[in-house]
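First comes the structure, then the notes that go with it.
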Amino acid sequence: MNFGPIKLPRLVFFYAAIVLTAVLCICMFYLQKEALEDELLKWQEEAQRLKNELERIKRYTEIYQTSPEIIALVLRESEKYKINPTMMLELIKLESKFTANAISPHGAIGLCQIRPETAEELSRELGLPPEKELLFNAEYNIKLGTYFLSKLLDIYDKDYHKALTAYNRGPAGLLAYMKKRGTAVSTYSRRISEGLALNTY
């Protein structure tokens, strides 16, 4: 006796399709929920990071009595070269008292007091235009000054006193100072180090 193939009613397929669709929808819902939770967590972390950054800018602005824009520039460039931003802020305070148009008797210019001949070399290494007038621009000057200090820190194996004294006197001036005093610790480097200890956040 040949009964032939068993044919399931179409209704069974219909309900099976509904159940399968429902299962897929539930799976998609949980996957999307998990993805949304991950995304929300990222946004919360970013919001907290920005809040902390704004609080940091506010504290530094109050301490150094300069604009939030200057503080933000110093923080950005310091982070780029892994320098403690307080060191850079203390350097600027000592060099120019945060006066963007400052010119020293030796011809050093701007916030970080960079000489035009030094600026020309630094700007070439950074791929920036080597224009003397740009040294009066806060962003340009901070870029060059922070990069210069990072170079000196690398040259002197992260010895802050050597790097800071070389920034102030030049590499040859550092050698002459060390030969005379037997140490790289100068009034300049000591003042920045003291500020660094007091005002780091």
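The values are calculated or read from the model by the stated rules, or taken from the named source; none is laboratory data. Keep in mind that this is a model prediction, so the values were computed, not measured. When we count neighbours, we look across all protein chains shown, and the Cβ atoms used for this are built from the backbone with ideal geometry, even at glycine.
Of the residues Y177, Y188, which single one is out of contact with any Phe, Trp or Tyr (no Cβ under 9 Å at 6 or more places or on another chain) and not in a strand (DSSP E or B)? When all the criteria are applied, what remains is Y177. Could you tell me whether region 112-126 includes any residue that is touching a residue at least 24 places away in the same chain (Cβ under 8 Å) and basic (K, R)? The answer is no, given that none of the residues of region 112-126 is touching a residue at least 24 places away in the same chain (Cβ under 8 Å) and basic (K, R). Among the residues of region 93-135, which ones are of a type in the set (D, E), closer than 16 Å to F148 by Cβ and surrounded by fewer than 17 Cβ atoms within 10 Å (Cβ to Cβ)? Correct list: E117, E120, E121, E125. Taken together, the residues in region 153-172 that are farther than 25 Å from T66 by Cα and either surrounded by fewer than 20 Cβ atoms within 10 Å (Cβ to Cβ) or aromatic (F, W, Y) (or both) amount to 11. A search for C-beta distances below 8 Å between a residue of region 176-194 that is modelled with pLDDT of 95 or more and any residue that is in a helix (DSSP H, G or I) and β-branched (V, I, T), counting only pairs 6+ apart in sequence or on different chains, returns Y177/T165; A184/T165; V185/T165; S186/T165; Y188/T165; S189/T165. Each residue in region 150-166 was checked for being out of contact with any helix residue (DSSP H, G or I) (no Cβ under 6 Å at 6 or more places or on another chain) and closer than 19 Å to K93 by Cβ, and 1 of them qualify.
Pairs are defined by a Cβ separation below 9 Å, a sequence spacing of at least 6 or placement on different chains, a first member in region 95-109 that is under 10 Å from A138 (Cβ atoms), and a second member that is assigned to a loop (DSSP other than H, G, I, E, B) and among the hydrophobic types (A, V, I, L, M, F, W, C); the pairs so defined are F98/L111; A100/L111.
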